[in-house]
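The structure appears right after this line, and notes come after that.
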Amino acid sequence: MRILLSRTDRIGDLILSTPAIASVRASFPDAHITMVTSPYNHVVMDRNTDVDEVVDLPSAVKPAVFGARYRGYDLAVALAPRNADLQLIGATRAPIRAGYTYVRRWVARATAPFYVNRLMVSEADPQLCERDPQRVVRHEVEQLLDLAALAGAKQRIARLRLDVTAADRLAVAGFPAEPIVLHIGERWFASGSTLKSTLALVGELRALGLPVVVSCAHECRAYAAPFAAVADGVAAELPFHQWAALFERARCVVTVDTGATHVASAVRRPTLVAFEHRYFRLNSQEWAPYGVPSVLVRKPEHGDEASLSQFRAEIVRGARTLIDG
């Protein structure tokens, strides 16, 4: 049996797909499984033995053209609700082609049957969640496990996977032990948060009695110097698996809503996430930390000093809760 899986979007979403990938492997242990990624998120699958090969979708090749290379496969699953992945899976013409889209993406729902013959419709929708505070949205991991089951996977493995090695751990052994790791992404500096406030947050977290190590997303590496002046360590350019190893040694991880959330979950660390004010109800359900102790806070709507001070206080209280267990 030959199986094709595709997820060509973000690193965090591919991490959240690893339980579904493991479930497919456990359900079809003798199958040859090919995983299609993008050059950007490929690193998540570099060491993952639940698949037999990992191939990148070249940016210059149309997904349908690329997918046609895999005609003759028995099963194909689009693990991302994107046209690129649906078109790629559709082009395989596999007897079973599964994918999903969102409840109010009307055009996608109308066109998806041209590509897949087993379609799951996710209940996630930002507007519906804002209108109905009681609306429940399954975590993306649970949705993907249901998609795998729709495709025929009878085994269900609900555990994120990243393969951190002893060499990765050794590479970050010079950082303080059991720190609070504050991951810096661009959302710390916009829409209800500022650089000045985030620098102040470092000092307030240090007052909890633990060292604070700051890790920087690639696009935020220019901020390494200001944070080096207030933190106990800064990790600005770590390779992916060493970054995961840094999270693994943390007492807790503090981050905005980004792939760092799911890296922290994959290495089983308590995690606090500051979600955007807008669409908080949806995002804090679908993309919360998975399978680990967590605290979720909402960024303020405005960046006035009183709101920023209250925001930092909520983060510090949440971090203390995670540290105390």
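Just so you know, all these numbers are worked out from the coordinates, no wet-lab data involved. Keep in mind it's a predicted model, so treat the numbers as computed, not measured. So basically every Cβ, Gly included, is an ideal-geometry build from the backbone, and we count neighbours across all protein chains shown.
Centre-to-centre separation between the Cα atoms of the stretch 190-219 and those of the stretch 74-132: 38 Å. Across the stretch 54-97, Cα pairs under 8 Å and at least six residues apart give a relative contact order of 44 percent.
Relative contact order for the chain: 16 percent, from Cα pairs under 8 Å spaced at least 6 residues apart, divided by residue count. Our estimate of slack between residue 49 and residue 111, defined as 0.36 nm per intervening residue step minus the Cα-Cα distance, is 19.0 nm. Reducing the stretch 253-268 and the stretch 136-150 to their Cα centroids gives an inter-centroid distance of 19 Å. For the peptides 145-156, 160-171, the ranking by mean Cβ contacts within 10 Å, running from highest to lowest, is 145-156, 160-171. Please report the base-10 log of the normalised intensity I(q)/I(0) for the chain, using a Debye sum with one equal scatterer per alpha carbon and no solvent, at each q in 0.07 (1/Å). So the normalised log intensities work out to -0.30. A crude spin-label estimate for the pair residue 171 and residue 32, with each label 7 Å from Cα along the Cβ direction, gives 3.2 nm. When the Cα centres of the stretch 220-248 and the stretch 32-48 are compared, how far apart do they sit, in Å? Answer, in whole Å: 25.
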